[in-house]
6 protein chains.
Amino acid sequence: MIRVDGRQVDEMRKVKITRNYLKYPAGSVLIEFGNTKVICAATIEERVPSFLKGSGEGWITAEYSLLPSSTQTRNARESMRGKVSGRTHEIQRLIGRSLRSVIDLKALGERTIMIDCDVIQADGGTRTASITGAFVALVDAVATIYHPEKPFPVKDFVAAISVGLLKDGTSILDLCYEEDSNAAVDMNVIMTGEGNFVEVQGTGEERPFSRIEMNAMLEKAEKGIQELIDYQKDVLGQLVWKVGREP
Amino acid sequence: MIRVDGRQVDEMRKVKITRNYLKYPAGSVLIEFGNTKVICAATIEERVPSFLKGSGEGWITAEYSLLPSSTQTRNARESMRGKVSGRTHEIQRLIGRSLRSVIDLKALGERTIMIDCDVIQADGGTRTASITGAFVALVDAVATIYHPEKPFPVKDFVAAISVGLLKDGTSILDLCYEEDSNAAVDMNVIMTGEGNFVEVQGTGEERPFSRIEMNAMLEKAEKGIQELIDYQKDVLGQLVWKVGREP
Amino acid sequence: MIRVDGRQVDEMRKVKITRNYLKYPAGSVLIEFGNTKVICAATIEERVPSFLKGSGEGWITAEYSLLPSSTQTRNARESMRGKVSGRTHEIQRLIGRSLRSVIDLKALGERTIMIDCDVIQADGGTRTASITGAFVALVDAVATIYHPEKPFPVKDFVAAISVGLLKDGTSILDLCYEEDSNAAVDMNVIMTGEGNFVEVQGTGEERPFSRIEMNAMLEKAEKGIQELIDYQKDVLGQLVWKVGREP
Amino acid sequence: MIRVDGRQVDEMRKVKITRNYLKYPAGSVLIEFGNTKVICAATIEERVPSFLKGSGEGWITAEYSLLPSSTQTRNARESMRGKVSGRTHEIQRLIGRSLRSVIDLKALGERTIMIDCDVIQADGGTRTASITGAFVALVDAVATIYHPEKPFPVKDFVAAISVGLLKDGTSILDLCYEEDSNAAVDMNVIMTGEGNFVEVQGTGEERPFSRIEMNAMLEKAEKGIQELIDYQKDVLGQLVWKVGREP
Amino acid sequence: MIRVDGRQVDEMRKVKITRNYLKYPAGSVLIEFGNTKVICAATIEERVPSFLKGSGEGWITAEYSLLPSSTQTRNARESMRGKVSGRTHEIQRLIGRSLRSVIDLKALGERTIMIDCDVIQADGGTRTASITGAFVALVDAVATIYHPEKPFPVKDFVAAISVGLLKDGTSILDLCYEEDSNAAVDMNVIMTGEGNFVEVQGTGEERPFSRIEMNAMLEKAEKGIQELIDYQKDVLGQLVWKVGREP
Amino acid sequence: MIRVDGRQVDEMRKVKITRNYLKYPAGSVLIEFGNTKVICAATIEERVPSFLKGSGEGWITAEYSLLPSSTQTRNARESMRGKVSGRTHEIQRLIGRSLRSVIDLKALGERTIMIDCDVIQADGGTRTASITGAFVALVDAVATIYHPEKPFPVKDFVAAISVGLLKDGTSILDLCYEEDSNAAVDMNVIMTGEGNFVEVQGTGEERPFSRIEMNAMLEKAEKGIQELIDYQKDVLGQLVWKVGREP
């Protein structure tokens, strides 16, 4: 069984994270999963949403956007249409939840970290690349305001990957756009450094899937996540030791 | 271990489906999961979205809304705010995908079935109640245009239920609002009559969850879904025999 | 002369008000005028619009919406279109004005009562049913904050009914949808328990109407209003004695 | 009893209509009711709304706007707020209905007459001035496309005036802004040249009003309308003879 | 060489400014450039945009709108389309910048002057007429709050004019609509009483233009501006002496 | 006189254009002016705006957007605010006009070239970088549909640069953000390969500027444009010979 780009069923595309990609935000990376390229930036704002005012807790929220020219067929700019699509809303909420799951919002204090994921080129897996890259930008941003006598607000690593089922039932890891378009089942898995699930979203629009098929996909996902978190650690260098450490 | 409303951990709330609840749409039900009440209506429109024109295939799309007075604290009307929230978008897309998964869109022909899920009272589980009730309204609507010499376009049953993990790790079935607000993990599971998964969405915003915990939740979900589909069959009476039958 | 549903010209449809229809709002009813069904809810909010801040006076405002599946032909959801139609605006303003006309806004104090009228099924007369039902929900809501040593802020009863002229000049009471679609003249009349007018809106788009015809319609309206207010009193039971009473 | 500007209770402000006020539209006037000034324009468009396509009938629709600087306190521009207020919607619908009531839409043929009422200065009565002036612009516009062997599509005159009740119960004709702000009851009356009602809208938000008070207001309104229609005839000159005439 | 309306190449249309055109705003004029007619109003508001709060400085902002019936072909009302066009945005920003360039915002103090330019009839040059007229309305408005012991916040005169190149290369002053539609190059020039440029915007969409052609246009513009500022001085009468004077 | 980054007054920042930066659009570049980085993409669509249907002519339109994290202080995403700012509108229109000025729209045929300029990093001059880079993407896109027996639709080169006046009156070329924020006068100049002006936009919000100062700025602009067009030619290589050539 050979995939469209020659990979093994449990082989990821080449992943590359370039730290400090932008000049202005507190943290920023360019993350590449093969041809998929996303700029992830983390900006710290000294305010919180109204439901948190006075609580002493912080917040993390995310925005996601496809550049119009990032997709095979140009996609209309959401600012020109005057509204954000349901798909964008769904992805933004997923990124925000995933990152919040590894943050100690009390330790963060009353500030908001705004995550921007802007997709430069979309070849499948943009939401999982966004989460994986945004985590690194987030650690960089948090480090700029870290007080060494307080706990570091990032409690654990988090990364995301897609898995799926081909029409013949083969489970594969890290789908590119062509595979994604033809898959029977599509699943996004987000896990922590400790190997637990933050989010599992499996969809069988093409056909339902069995418990056994789900397990096969989850195993591939675990392998992929492990590789991604190892790479995040490589990339973060010294900062790795802060994640999850008490003062 | 007793739950806030005295149920066992794997016990559902009382479910009730009232068919033909409205006068005008082709199919409509009121579905109640305890205090949660949703009107689900299915309207047949003789047109398809532009990406299907000329394809011979039909489509199913869904809209979801909370009445402002359905929630503990009044929630602002989306029509007055001029835009639909991310949460609403997410639920609408989920309902649409779930129902499409059991429909033979070719057999449906070039028409759209518009599903409206309007929540009258929200006490947890409104999206799963919406899917479970909308399926019945959908069968009723399809029956009005069914040609006995053609395959019935509904291929299988589909129902949805929520499961979750309490903070102490206990897994529970069919969370009410109070339980949902306090749960560590929340998972929505959508399954067919054949026992396969259409959609699994688990979120551990409060804390990540292990594979073992996920399995415990999935088992409770399977039990709940089985009960729901049995009840759908009761409610549909004669129409049950059409679902999934060839001409 | 027999009407489409066999009623006499001055005969109303069966009216039914179910109090405490919803669990969460301070006051709520389901009101039915024949097949027309509206959920009316009253929520108390401890804030006022900016033009009343510091004035010591309260406010009542109303929102109205048709469920998409409430009408003969499905009507598009206003939240999805991103704006509220002129018809909805007009009805919302009418409901708000009508209820404010019988409320002592000073006695209410600096709080807003938010009225939500959500039409479940629309068979003519949804705006008049909304006003008539919302009044009962309003009294229930006000009673929850009533201080017996202060005047009860509801000064009088208020109810609304539609009247119209058939093409042959016959005036009729309480038009159903089919009659409304065919009427030459349509008039909505809103009156207090004391028998005075709060609002009169007559429209002769099909043909103009004479003073004599207007008088014939107003007489039928007065009869209908009297019956509605008698019924409101039945339904409110003990609370009737509070309306209009000083401490 | 003397009014704020010294008028008798049944005395109108000075009314002035300037025909052909603008260069481009098919018909246009400036109408002045004292300090109230409205530009009314009628534009003929060779298309109809979709619900009339192929019907052979025409349509009349109206838009209304206050210049930001037309009111005592500047009112925010609706284009900048991105939405039209409920009040504007209500007035636009009223103007459209009123003019359609005197037009033979079949004789008009499949075209739309677009009425624009732009208020330059607002001192009370802008909606009634709009209707009264727009009628003249409409006749001028229709005359440009009138075929002498076909019936003239304008069947009758139409004009509008406001009446009201002061707090002491005195009924007055043609309220200026200061009177309107202080009135207990406000009523807009629209009548045809034959003396019939097209629209009656009375509102007693300040206090309810009796049948006797309504009659007193209607009598003053009839006097005012008579004067307005006489003046419309003066202004239209030769065109008067076309209104309501068969070929 | 004769222009469509018989003017010389460096001849302006007849310009007329009517001061105090409206009753309510602090300053208002009707300005006419031939058939182009614009109402310019200046309203003083005792607040500033958030970026100026506490700065002691004021602000001037402008809004511009075409009446739907002001143009050869009716232009759709921006409030009904729910958004403001790019052209409108561009003109509003230009008017605001131009007026701010001659105002001492510190001397104005923490208040905003809101400029409204509403085009009644559009025959070319509406943006330049707006600036030229708004300046006069602005001086009138500022005079109402002027404290004689403080510097008058208007430092200099400002006026605007259009120039252009015909297809044959002839440069002309003050283009009417027909000329504007056929011009090869269009340039708007805004200058102060001292003869300096506030804004130069030249556009050669039809064909590029040379430095020599630009100079020819600028010379005509200077002549036009000189005439406009002379006329502004005539119109302002006594107020002229305040402009640019220290206390 | 030394500038903040050590450049001479007539020295540009380092400019770099990377062709074929994206995988999917017909033409795309990354253009850098120092720290300013813009992705410019050109997509060909086989349709024209309605005003050109059947005309045989094509169109070029442009959209511009700042990534939220591209600026010193994060700028809110226009899609989330639901509307496009005046500044964005102004820039989009400028880019579109500038590129159309060198295109033979008849030779292009009935198709639209959609230009997307997405600013990755903003350090001054984003609109001029957008135009200069978009021209190269446009040539690449046009080349993909070029028929050698027809004229090449790109008639000439076009590039854009900013110039300005410091507070002391010194004129400088190619302002970075810090210079732009402090400049007294800001001017954008767009010129063709033949040395003519396509657009000149000078703004003296801080203080008006004289004819002599304008000439000084224009001379620096001409020098900058010459360098940019030389560089565009280098970058385009073989394609240079097509620009402006007949078949």
Of the numbered conditions (1) open to solvent by 60 Å² or more (accessible area, probe 1.4 Å); (2) without any contact (Cβ under 8 Å) to a residue 40 or more places away in the chain; (3) touching a strand residue (DSSP E or B) at 6+ places or on another chain (Cβ under 8 Å); (4) in a helix (DSSP H, G or I), E:LYS223 satisfies every one except a single condition; which is it? (2)
Step by step: first the residues of the range A:103-131, then only those that are within 12 Å of the chain's Cα centre (by Cα) and within 14 Å of chain B (Cβ to nearest Cβ), then the one that is most open to solvent (accessible area, probe 1.4 Å). Which residue is that? A:ARG127
Mind listing whichever residues of the range C:89-103 are modelled with pLDDT of 95 or more and over 20 Å from C:VAL136 (Cα atoms)? none
Filtering the range E:158-170 down to residues that are open to solvent by less than 10 Å² (accessible area, probe 1.4 Å) and in contact (Cβ under 8 Å) with a residue 60 or more places away in the chain, which residue is farthest from E:PHE197 (Cα to Cα)? E:VAL163
Criterion violated by B:CYS40 - all others in (1) buried (at least 21 other Cβ atoms within 10 Å of the Cβ); (2) farther than 23 Å from C:GLU32 by Cα; (3) hydrophobic (A, V, I, L, M, F, W, C) satisfied: (2)
Take the range A:28-43 and flag every residue that is under 20 Å from A:VAL142 (Cβ atoms) and more than 8 Å from chain F (Cβ to nearest Cβ). A:VAL29, A:LEU30, A:ILE31, A:VAL38, A:CYS40, A:ALA42
Identify all residues within the range C:144-156 that are surrounded by 17 or more Cβ atoms within 10 Å (Cβ to Cβ) and of a type in the set (A, V, I, L, M); write none if there are none. C:VAL154
For the range A:232-245, name all the residues that are of a type outside the set (Lys, Arg), in a helix (DSSP H, G or I) and out of contact with any strand residue (DSSP E or B) (no Cβ under 6 Å at 6 or more places or on another chain). A:GLN232, A:ASP234, A:LEU236, A:GLY237, A:GLN238, A:LEU239, A:VAL240, A:TRP241
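In the range A:59-102, what residues are hydrophobic (A, V, I, L, M, F, W, C) and facing another protein chain (nearest Cβ under 7 Å)? So that I can check it myself, show each step before the final result.
Taking the range A:59-102 first, the residues hydrophobic (A, V, I, L, M, F, W, C) are A:59-60, A:62, A:66-67, A:76, A:80, A:84, A:91, A:94-95, A:99, A:102.
If the condition is that a residue be hydrophobic (A, V, I, L, M, F, W, C) and facing another protein chain (nearest Cβ under 7 Å), then A:LEU67, A:MET80, A:VAL84 are the ones that fit.
Only one of F:PHE152, F:PHE209 is of a type in the set (Phe, Trp, Tyr) and over 21 Å from the mean Cα position of the chain (by Cα); which? Break it down stepwise before answering.
Working: F:PHE152 fails: over 21 Å from the mean Cα position of the chain (by Cα).
So the residue among F:PHE152, F:PHE209 that is of a type in the set (Phe, Trp, Tyr) and over 21 Å from the mean Cα position of the chain (by Cα) is F:PHE209.
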Residues of the range A:190-207 satisfying the condition of being in contact with a helix residue (DSSP H, G or I) (Cβ under 6 Å, 6 or more places away or on another chain), open to solvent by less than 10 Å² (accessible area, probe 1.4 Å) and free of Cβ contacts under 8 Å to residues at least 40 places away in the same chain: A:MET191
Please enumerate the residues belonging to the range A:4-24 that are over 15 Å from A:GLN232 (Cβ atoms), within 18 Å of the chain's Cα centre (by Cα) and open to solvent by less than 60 Å² (accessible area, probe 1.4 Å). A:ARG13
Using the structure shown, decide if C:SER210 is open to solvent by 20 Å² or more (accessible area, probe 1.4 Å), without any contact (Cβ under 8 Å) to a residue 12 or more places away in the chain and under 27 Å from C:THR71 (Cα atoms). no
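Considering E:GLY58, E:GLY34, E:GLY27, which residue is surrounded by fewer than 22 Cβ atoms within 10 Å (Cβ to Cβ) and out of contact with any Pro (no Cβ under 7 Å at 6 or more places or on another chain)?
Values: E:GLY58 fails: surrounded by fewer than 22 Cβ atoms within 10 Å (Cβ to Cβ); E:GLY27 fails: surrounded by fewer than 22 Cβ atoms within 10 Å (Cβ to Cβ).
When all the criteria are applied, what remains is E:GLY34.
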Here, strands (runs of 3 or more DSSP E) confined to the range A:1-83 with at least 3 residues that are closer than 20 Å to A:ASP174 by Cα and of a type in the set (S, T, N, Q) are none
With the checklist (1) more than 10 Å from chain F (Cβ to nearest Cβ); (2) at pLDDT below 95; (3) open to solvent by less than 10 Å² (accessible area, probe 1.4 Å) in hand, flag the one item E:ASN182 doesn't pass. (3)
Which of (1) part of a helix (DSSP H, G or I); (2) within 30 Å of C:ASP104 (Cβ to Cβ) does C:MET214 not meet, given it meets every other one? (2)
Given (1) touching a residue at least 24 places away in the same chain (Cβ under 8 Å); (2) more than 30 Å from F:ILE44 (Cβ to Cβ); (3) part of a helix (DSSP H, G or I); (4) open to solvent by less than 60 Å² (accessible area, probe 1.4 Å), index of the condition F:LEU138 fails: (2)
List the residue pairs whose Cβ atoms are under 6 Å apart, where the first residue sits in the range C:75-97 and is in contact (Cβ under 8 Å) with a residue 12 or more places away in the chain and open to solvent by less than 40 Å² (accessible area, probe 1.4 Å), the second is assigned to a helix (DSSP H, G or I) and not acidic (Asp, Glu), and the two are 6 or more positions apart or on different chains. C:GLU78/B:SER79; C:ILE91/C:ARG127; C:ILE95/C:SER130; C:ILE95/C:ILE131
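Return yes when D:GLU246 is under 30 Å from D:ILE44 (Cβ atoms) and away from chain C (no Cβ under 12 Å) and no when it is not.
On the way: under 30 Å from D:ILE44 (Cβ atoms): yes; away from chain C (no Cβ under 12 Å): yes.
Judged against the criteria, D:GLU246 is a match.
The values are calculated or read from the model by the stated rules, or taken from the named source; none is laboratory data. All values derive from a computational prediction rather than experimental measurement. Don't worry about glycine lacking a Cβ; one is built from the backbone with ideal geometry, like all the others, and counts go over all protein chains shown. When the accessible area is computed, the model is the full protein with side chains, heavy atoms only, and any ligands, DNA or RNA have been set aside. Shrake-Rupley method; radii C 1.70, N 1.55, O 1.52, S 1.80 Å.
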